[in-house]
Amino acid sequence: MAKIVGCMAMSHSPQLLTPADKWAELPGRARGPFNPKPGIEAEITPEAMRAHEARCNAAIATLRDRLESWRPDTIVIIGDDQHENMLDDNMPPFTLFIGDEVDATRKYRYFGTSLENQSRHYKANGALAREMLGALMAAGFDPSWSKVTRMEGGLGHAFGRVLEFILPKADVPILPVMVNTYFPPAPSAARCVAFGRVLGAAARATTAAERVVFIGSGGLSHTKIDEKLDRDFIAALEKGDLDFMAAMRDEDLTAGTSEIRNWMIAAAAAGAGGAMVDYVPCYRSPQGVGCAMGFAVWERAA
């Protein structure tokens, strides 16, 4: 029997890969109407952006150290796919990668950066993935599965960026779970919570691993930041209130904010309350455009 030794979640916005002095030059990727919060001018000064950047970097370092201290033998990483490996010819809600090795790319393409040499190679725990696939089917889910990636570079940015940040040595096997958070119709919040519960139970029951960590990649609200939505979700995360998460509305989980679904799956796998390492609303325009960066850990699982 395996043990879930910890869970975590973090944002993967391109702002994390961009110097703060260039945040304002990133594309807005949001349409009005805009309702920026009062006093937003103080949030978008060069000094404020650099302070936010420093907090994000400190939170990433904390997650990296925590992951190392947990000594996992498998990392189940849950991320969305944005027309990278899942295309409009087939867009399943959930896809498990069940191969034994895979590449992942950070896919950072701003300021003239080449997409070449952005991938890393990872061992994958295909045996655990295949067990989880069977457990999901037995529980009434019918997820897609894949042994290969179709995009040059491998897994998409939701996987490559987070892994590069917190697993720089690429020395722990991964189990990638791709979720269609982005393109409606997407799985409901309730379905994501149920999916996460089964994933957690399957991890605990396996003999294909001993020390498992779950990681949710993406979020929080963006590209229009909604601090109330974020803080309500964070309160539920800290209390382990999966009922609140399951009741979140599809219309609130759109565009980049939809990636909160990946956090829900990690939270449901943990089955217990977590803690925020930091929450940093990183605005980059007077209209309220940016990414609310979140970094969370679950030190214990149910």
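The values are calculated or read from the model by the stated rules, or taken from the named source; none is laboratory data. Remember, predicted model here, so these are calculated numbers, not experimental data. Methodologically, a virtual Cβ is constructed for each residue, glycine included, from the backbone with ideal geometry; neighbour enumeration extends over all protein chains shown.
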When the stretch 112-159 is examined, which residues are found to be touching a Lys or Arg at 6+ places or on another chain (Cβ under 7 Å) and more than 16 Å from G99 (Cβ to Cβ)?
L115, Q118, H157
Quick check on A24: is it over 28 Å from G273 (Cα atoms) and either among the small types (G, A, S) or in a strand (DSSP E or B) (or both)?
yes
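Inside the stretch 153-169, can you point out the residues that are in a loop (DSSP other than H, G, I, E, B) and crowded, with 19+ Cβ neighbours inside 10 Å?
Answer for the stretch 153-169, where residues must be in a loop (DSSP other than H, G, I, E, B) and crowded, with 19+ Cβ neighbours inside 10 Å: G153, G154, G156, L167.
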For the stretch 188-201, state whether one or more residues are surrounded by 24 or more Cβ atoms within 10 Å (Cβ to Cβ), closer than 20 Å to S13 by Cβ and either touching a Phe, Trp or Tyr at 6+ places or on another chain (Cβ under 7 Å) or among the polar types (S, T, N, Q) (or both).
no
Those residues of the stretch 66-84 which are surrounded by fewer than 20 Cβ atoms within 10 Å (Cβ to Cβ) and within 18 Å of the chain's Cα centre (by Cα) amount to R66, Q82, H83
Within the stretch 22-39, the residues that are of a type outside the set (D, E, K, R) and touching a strand residue (DSSP E or B) at 6+ places or on another chain (Cβ under 6 Å) are G28, A30
(1) under 28 Å from I40 (Cα atoms); (2) in contact with a helix residue (DSSP H, G or I) (Cβ under 8 Å, 6 or more places away or on another chain); (3) part of a helix (DSSP H, G or I); (4) charged (D, E, K, R) all hold for R197 apart from (1)
Restricting the stretch 100-120 to residues that are surrounded by fewer than 17 Cβ atoms within 10 Å (Cβ to Cβ) and small (G, A, S), the one modelled with the highest pLDDT turns out to be S114
Quick one: in the stretch 14-42, of everything that is touching a residue at least 60 places away in the same chain (Cβ under 8 Å) and of a type in the set (D, E), which residue is nearest to G256 (Cα to Cα)?
E25
Wholly enclosed strands (runs of 3 or more DSSP E) of the stretch 43-152 bearing at least 2 residues in contact (Cβ under 8 Å) with a residue 12 or more places away in the chain, closer than 28 Å to Q15 by Cα and among the hydrophobic types (A, V, I, L, M, F, W, C):
74-80, 94-97, 101-105
If P33 passes every condition in (1) buried (at least 16 other Cβ atoms within 10 Å of the Cβ); (2) modelled with pLDDT under 95 but one, which one does it miss?
(1)
